[in-house]
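Laboratory data are not the source of any read-out in this text; all were calculated from the coordinates shown. Keep in mind the model is a prediction, meaning the values are calculated, not measured. Cβ coordinates were reconstructed from backbone atoms using ideal geometry, including for glycine residues, and neighbour counts include every protein chain displayed.
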Amino acid sequence: MKIAVLGAKGLLGTALVPLLKSRGHEVLALDKEECDVTSLKALHEALAPFGPESIVLLAAYTAVDKAEEEPSKCFWINGYGAANVAFVAELLHSEAIYISSDYVFDGKKDGYYETDDTHNPLSVYGASKVFGENCFQKFTVVRTSWLYGTHGPDFVRTMIRLAKEGRDLKVVDDQIGAPTYAPHLALALSQIIEKKLRGIYHARAEGVMSWYEFAKLIFDKTEIHPRSLTPVPSKDYKTLAVRPLNSRLSNQSLISAGVALLPHIEKGLDEYLRQLAYEGVL
Ligand SMILES: NC(=O)c1ccc[n+]([C@@H]2O[C@H](COP(=O)([O-])OP(=O)(O)OC[C@H]3O[C@@H](n4cnc5c(N)ncnc54)[C@H](OP(=O)(O)O)[C@@H]3O)[C@@H](O)[C@H]2O)c1
């Protein structure tokens with residue numbers, strides 16, 4: 001297939017582009033310098049000659065806390081940019097996929113979030129992702145959570161760096177979700193693209209845990225420990241953006257669509273730690 005990936009140099013793009021190529025697809029990989037999604041003209045000029053059968057929108061404003069201070073910029077990219085991409089996809093008769101987030105929910109549900117649960121974002125970033133999702137109603141939305149992997153910086157690299165510096169670490173233990181290894185999500189995405197699925201899907205690693213438990217797992221596996229590691233509730237770890245406490249996304253949509261579930265959190269971490277050892281980070 002001819003697949004255009006926008007935001008190709010980011011965390012997820014770095015995993016997705018080589019995977020799609022290895023599966024025999026012709027990939028047009030673009031990032032901000034080649035094609036700013038907030039410019040309808042730039043988008044059309046970049047995509048029309050290629051004639052994509054699928055457009056994957058990864059380009060996004062992802063600085064969740066900073067978004068509270070610059071909401072217009074966040075909405076400009078995640079909302080208006082998404083509207084542009086959906087419009088161009090329609091013009092070019094292409095499929096289109098928007099990557100969204102657990103942050104579209106308020107985390108107050110007792111149980112796993114299903115794909116049709118009601119949006120109620122707690123942050124500017126979450127609200128901008130709702131806007132983006134709404135632009136893709138005719139196409140495909142894939143919600144994921146807590147991504148790490150590829151080139152970083154990410155939670156895993158940060159924890160290892162802080163531990164090596166001998167820090168005293170406090171990590172929140174009341175936000176529950178699924179830290180998801182980007183190459184595993186890329187594999188699920190490639191199947192969603194190839195099957196030309198439409199609608200809303202949740203794709204995240206199997207299993208759930210808190211950030212504290214994930215940090216502990218990283219330190220236990222690497223045997224690199226900080227001076228101390230203390231679990232703290234979110235109310236004692238203030239951030240500009242409020243995050244949902246329950247980020248558990250149901251994977252039922254993938255099962256129903258016949259897409260292979262992502263491997264377990266621990267498997268993703270093992271694979272990433274092998275890569276970090278190879279890079280000499282460990
Ligand atoms: N990371 C997570 O934990 C997570 C969780 C759930 C959902 N998601 C969603 O998954 C998608 C991919 O996330 P990611 O972690 O790969 O993000 P990322 O690493 O921040 O990558 C996004 C890429 O888009 C580029 N970009 C920013 N503004 C652009 C614009 N106006 N036009 C074109 N490109 C632009 C960025 O360039 P610069 O870096 O130069 O700005 C960057 O290369 C996003 O939609 C994100 O909201 C991420």
| remark: Given the candidates LEU40, SER128, GLY166, the one whose Cα lies deepest towards the positive end of the charge dipole of the chain, counting +1 at each Lys or Arg C-beta and -1 at each Asp or Glu C-beta, is GLY166
| field | Virtual spin-label span in nm between ASN134 and LYS109, 7 Å along Cα→Cβ | value | 1.9 nm
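Rounding to the nearest 20 debye, state how big the charge dipole of the range 6-126 is about its Cα centre with +1 on each Lys and Arg Cβ and -1 on each Asp and Glu Cβ.
On the way: 9 positive and 19 negative charges, 61 e Å.
I would put it at about 300 debye.
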| Taking the Cα centre of the range 1-103 as the origin and placing charges on Cβ (Lys, Arg +1; Asp, Glu -1), which of ILE77, GLY24, PHE50 is farthest toward the positive end of the dipole? | GLY24
| All other residues with a Cβ under 13 Å from the Cβ of LEU269 taken together, and with Lys, Arg as +1 and Asp, Glu as -1, what is their net charge? | -2
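Nearest 20 debye, what's the magnitude of the dipole of the range 196-282 about its Cα centre given +1 on Lys and Arg Cβ and -1 on Asp and Glu Cβ?
Details: 12 positive and 9 negative charges, 94 e Å.
Dipole size: approximately 460 debye.
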| field | Between helix 182-194 and the chain: long-axis angle, C-alpha atoms, 0 to 90°, nearest 10 | value | 30 degrees
| field | Residue order, fewest to most surrounding Cβ atoms within 10 angstrom, among THR180, THR14, THR230 | value | THR230, THR14, THR180
| message | Once each part is reduced to its C-alpha centroid, what is the distance from the range 189-268 to the range 86-132 in angstrom? | response | 17 Å
| field | Dipole-positive endmost among THR14, GLY258, SER190 within the chain (Cβ charges, Cα centre) | value | THR14
| Label point 7 Å out from TRP76 along Cα-to-Cβ: which residues of the range 20-60 have amide N under 11 Å? | 38-39
| remark: In a Gaussian network model of the chain with springs linking alpha carbons closer than 10 Å, the residue among TYR148, TYR237, TYR113 that fluctuates most is TYR237
| query | Of LEU47, LEU147, LEU229, which is the most mobile in a GNM of the chain whose springs link Cα atoms less than 10 angstrom apart? | reply | LEU229
| note | With +1 on the Cβ of every Lys and Arg and -1 on the Cβ of every Asp and Glu, the dipole magnitude of the chain about its Cα centre, in debye rounded to the nearest 20, is 180 debye
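Can you work out the FRET efficiency for the pair GLU26 and HIS93, with r the C-beta to C-beta distance and R0 = 30 Å, to the nearest 0.05?
Values: r = 17 Å, r/R0 = 0.56.
That pair, GLU26 with HIS93, gives E of 0.95.
Going down the list LYS216/LYS267; LYS32/LYS196; LYS21/LYS138; LYS170/LYS235; LYS164/LYS267, which pairs span over 19 Å between their C-alpha atoms?
Working: LYS216/LYS267 15 Å; LYS32/LYS196 26 Å; LYS21/LYS138 26 Å; LYS170/LYS235 12 Å; LYS164/LYS267 23 Å.
Result: LYS32/LYS196; LYS21/LYS138; LYS164/LYS267 exceed 19 Å.
Counting pairwise Cα distances across the range 169-272, what percent come out greater than 21 angstrom?
Values: 2380 of 5356 pairs.
Counting every Cα pair in the range 169-272, those more than 21 Å apart make up 44 percent.
How big is the Cα convex hull of the range 2-279 in projection, averaged over all directions, in nm²? Write out the running numbers ahead of the final one.
Working: hull surface 55.8 nm².
With the hull built on Cα positions only, its mean projection is 13.9 nm².
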| field | 0 to 90° range, to nearest 10: angle between helix 265-279 axis and the chain longest Cα axis | value | 90 degrees
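Just from its helices, what would the mean residue ellipticity at 222 nm be for the chain, if runs of 4 or more DSSP H residues each count -39500 (n - 2.57) and the sum is divided by every residue, rounded to the nearest 500 deg cm²/dmol? Before the final figure, lay out each step's value.
Working: 10 runs with 104 residues, N = 282.
Roughly -11000 deg cm²/dmol at 222 nm, from the helical runs in the chain.
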| task | Just grab the label-to-label distance for ALA63 and THR38, each label 7 Å out from Cα along the Cβ direction, in nm (one decimal). | result | 1.2 nm
| said: Taking the 0 to 90 degree range and rounding to the nearest ten, how far is the long axis of helix 11-22 tilted relative to the main principal axis of the chain, both from C-alpha atoms? | reply: 60 degrees
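For a quick check: sort SER100, SER250 by the number of other beta carbons within 10 angstrom, fewest at the front.
Numbers: SER100 24, SER250 15.
If I rank by nearby Cβ atoms, fewest first, I get SER250, SER100.
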| task | Please list 65-72, 203-210 highest first by mean number of surrounding beta-carbon atoms within 10 Å per residue. | result | 203-210, 65-72
| query | Taking the chain as a Gaussian network, where each spring joins two C-alpha atoms under 10 Å apart, which residue of GLY149, GLY268, GLY199 fluctuates the most? | reply | GLY199
